[in-house]
Amino acid sequence: MKITWFGHACFALEMEGKTIVTDPFDESVGYPIPNVTADVVTESHQHFDHNAHHLVKGNFRVIDRPGAYTVNGVKIKGVETFHDPSHGRERGKNIVFVFEGEGIKVCHLGDLGHVLTPAQVEEIGEIDVLLVPVGGTYTIGPKEAKEVADLLNAKVIIPMHYKTKYLKFNLLPVDDFLKLFDSYERVGNILELFEKPKERKVVVMEVQ
């Protein structure tokens, strides 16, 4: 499995010979627009920095609703959550997506705005890789992000949706999240997994 980070909440997940693009953003966000061809695009909610599938290449399927899907051997599950701690009254609903392929489960939390409930944790199920927003303001912040990672018992924890040199609006930097852990490792914008991860680690990806 190959995971590529394009910035914000946008990743390409390559598994089972297919490419899934999560939460594509438009030009106003600040990151370079990804040059990627997708088979599937998932959108956690319909805000400009998460739903720009018109900028993605390919003849792809858009999944923007909760539910269970199977696309050419890749299992995708969307779990309904909220974009804020007030049950959606401030910013609406959010979809957490779980992708399963090549024996590995990846969970993308989208713009999760609250700590997951026990029922949501159970619905999401066991996961291996967690893509978690940590920048606060519009999503959970560093402390809540760590709590969610602990609840889901994720092995590989990849922070997203935080302030970088590219982002044009203010969020907390990733360092506020990293200081809650004893160690972490930095990689480029690509992470490859050849087997189910067994040990817990925090991986910081960087947009090239």
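The values are calculated or read from the model by the stated rules, or taken from the named source; none is laboratory data. No experiment lies behind these values; they were computed from the predicted model shown. Neighbour counts run over all protein chains shown; Cβ positions are idealised from the backbone, glycine included.
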Q) Which one of PHE99, PHE194 is modelled with pLDDT under 95 and either out of contact with any Cys (no Cβ under 6 Å at 6 or more places or on another chain) or under 20 Å from ASP23 (Cα atoms) (or both)? A) PHE194
Q. Looking only at residues in region 71-86 that are closer than 19 Å to VAL132 by Cα, outside any strand (DSSP E or B) and over 14 Å from the mean Cα position of the chain (by Cα), which one is modelled with the highest pLDDT?
A. PRO85
Q) How do the pairs read when you match residues in region 17-30 that are under 11 Å from HIS53 (Cβ atoms) with residues anywhere that are surrounded by 20 or more Cβ atoms within 10 Å (Cβ to Cβ) and among the polar types (S, T, N, Q), using Cβ under 9 Å and keeping only pairs 6 or more apart or on different chains? A) VAL21/THR42; THR22/THR42; THR22/SER44; ASP23/THR42; ASP23/SER44
Q) Yes or no: VAL132 within 14 Å of VAL98 (Cα to Cα) and either free of Cβ contacts under 8 Å to residues at least 60 places away in the same chain or not charged (D, E, K, R) (or both)? A) yes
**Q.** Positions within region 130-141 being surrounded by fewer than 24 Cβ atoms within 10 Å (Cβ to Cβ) and either in contact with a Leu (Cβ under 6 Å, 6 or more places away or on another chain) or within 23 Å of LEU13 (Cα to Cα) (or both), in sequence order
**A.** GLY136, THR137
Q) If THR19 satisfies every condition in (1) in a strand (DSSP E or B); (2) under 11 Å from the mean Cα position of the chain (by Cα) but one, which is the exception? A) (2)
Q. Looking only at residues in region 22-61 that are among the β-branched types (Val, Ile, Thr) and under 13 Å from the mean Cα position of the chain (by Cα), which one is farthest from LEU109 (Cα to Cα)?
A. VAL41
**Q.** Count - residues of region 106-141 that are over 20 Å from GLU90 (Cα atoms) and either of a type in the set (A, V, I, L, M, F, W, C) or in contact with a helix residue (DSSP H, G or I) (Cβ under 8 Å, 6 or more places away or on another chain) (or both)
**A.** 10
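Yes or no, residue by residue, for (1) closer than 27 Å to ILE33 by Cβ; (2) in contact (Cβ under 8 Å) with a residue 24 or more places away in the chain; (3) more than 16 Å from the chain's Cα centre (by Cα):
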residue	(1), (2), (3)
LEU112	yes, yes, no
ASP128	no, yes, no
GLY136	yes, yes, no
ILE157	yes, yes, no
THR164	yes, yes, yes
LEU167	yes, yes, yes
VAL174	yes, yes, no
LEU180	no, yes, yes
VAL207	yes, yes, no
